[in-house]
Amino acid sequence: MPEGALERARRTAEQARRQGGYAEDPPAFEIQAASRISDWRLSEWAIIEPEATRVYSTRRLGAPITWLKRGLLRLLRQYNDQIVGQQSRFNAHVTAHVISLDDRVQALEERLAMLELAREAAARGGPGIGDEARRS
């Protein structure tokens, strides 16, 4: 590294900061609505399926390292399969619970919407939900 390069870089960065070059917006603490993930996708993500073909090395002389990694994966298969199985079972139970909670929330939102419509109709003087049953 040439002498003084670090100091020149620091001076340049400081000058850019003074001119607003590194100005950042203050962090926003707003919660953005997450996009809806399908139940099928959650179920797919719950099950862990490691692929031996994805075990490789990108280093120079990577072939021997890849061979070693795949050998270790084969030697430790029983141990890894037990851990993966436990984690997959846990993930599946959590996914099932999340899906059931989502179903409950949707049902409650539908019920709330119906009750709000009934309240609006009653406020306008129209028949509300269940008024027909009381009249007969």
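Couple of notes before you dig in:
- Centre-to-centre separation between the Cα atoms of the range 100-123 and those of the range 47-87: 50 Å.
- Of the residues ARG74, ARG18, ARG59, the one that moves most in a GNM of the chain with alpha-carbon contacts below 10 Å is ARG18.
- Selected from ALA52, ALA23, ALA121 as most flexible by GNM, with the chain as the system and alpha-carbon contacts under 10 Å: ALA23
- Of ARG17, ARG70, ARG111, the residue with the greatest mean-square motion in the GNM of the chain, using alpha carbon springs below 10 Å, is ARG17.
- Simple spin-label estimate for ALA52 and ARG18 gives 6.3 nm between the two label positions (7 Å along the Cα-to-Cβ direction from each Cα).
- Anisotropy class of the range 26-111 from Cα gyration tensor, a/c 1.5 cut: oblate
- Cα gyration tensor, the range 1-76 - rounded (a/c under 1.5), prolate or oblate: oblate
Every number here is computed from the coordinates shown, using simple stated rules; none is lab data. Just so we're clear, the structure is a prediction, and the values are computed from it rather than from any experiment. Because the Cβ atoms are built from the backbone with ideal geometry, glycine has one as well, and the counts that use them run over all protein chains shown.
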